[in-house]
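Here's the structure we're looking at; comments come further down.
What follows is calculated from the coordinates using simple rules that are stated; it is not laboratory data. Computed from a predicted model, the values in this text were never measured in an experiment. Cβ coordinates were reconstructed from backbone atoms using ideal geometry, including for glycine residues, and neighbour counts include every protein chain displayed.
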Amino acid sequence: MTRSSVSNENRLKEVQVGQEDELSLIPAWSVVLSIIVFGAVQYLFHVVMPHHKHEMLPMRLLMGYSWGTAFASYVLLVGYVSRDVKRRRMPAGLWMLIVVLMPGGIGAVVYFLLRQPLLRPCPHCSTEIASSCHFCPQCQFQMAPVCGRCFRGVQITDVYCTQCGHDLAEDQAPARLRAYSD
């Protein structure tokens, strides 16, 4: 295997692990409640509602499954927000109230638009900083690769800066950021 195919496989694994981490934020109570909600909607459409006309069965099935899926997905979303809001150190009670009480999922959209970025500790001084920062604001520790001329963020595998065209090989990047270079 070549070095580039190994690094591509590693990136794919990181993306898959990141998705698994996001799904693990959904609490068990939310999964159980969403199953109950889905079953209750099916009960409503197939037992409670009158169904004297048998030619309407496909429509009842379609409506029952689609509404059941929509309500169950909303319950899963509320469970996800309940854990994610704590992870981002935001006021949990306020955001749960907004997500649950605003109609039609608008509260969840507002949450995703206004949520705080994830914080990570600086390996040098342990200051909590946003993951988008390239340098620690307390100790100037370089957290991500940047161009030596314009100081904009670059990919670790870039040869030239995409913004100013600077040759990144001329920069004196820390050894931990040169892991993928030749």
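Multiplying the sequence separation of His52 and Val109 by 0.36 nm and subtracting their Cα-Cα distance, what value in nm do you get? Write down the numbers at each step before the final one.
Working: separation 57, 0.36 × 57 = 20.52 nm, distance 3.98 nm.
Computed gain between His52 and Val109 is 16.5 nm.
Take Val78, Val109 and order them by how many other Cβ atoms sit within 10 Å, fewest up front. Spell out each step's value before the answer.
Values: Val78 20, Val109 12.
Least to most surrounded, the residues fall as Val109, Val78.
Relative contact order (percent) for region 80-173, with alpha-carbon contacts under 8 angstrom and 6 or more residues of separation?
Values: 104 pairs, mean separation 12.5, N = 94.
After rounding, I find 13 percent.
Taking only C-alpha pairs under 8 Å that are 6+ residues apart, what is the relative contact order of region 18-72 in percent? Could you put the intermediate results ahead of the total?
On the way: 27 pairs, mean separation 26.1, N = 55.
With pairs under 8 Å counted, the relative contact order is 47 percent.
Listing Trp29, Trp67 from the residue with the fewest other Cβ atoms within 10 Å to the one with the most, what is the order?
Numbers: Trp29 11, Trp67 16.
Taking fewest neighbouring Cβ atoms as first place, the list is Trp29, Trp67.
For Phe45, Phe135, what ranking results if the residue with the fewest other Cβ atoms within 10 Å of its Cβ goes first?
The order, fewest Cβ neighbours first, is Phe135, Phe45.
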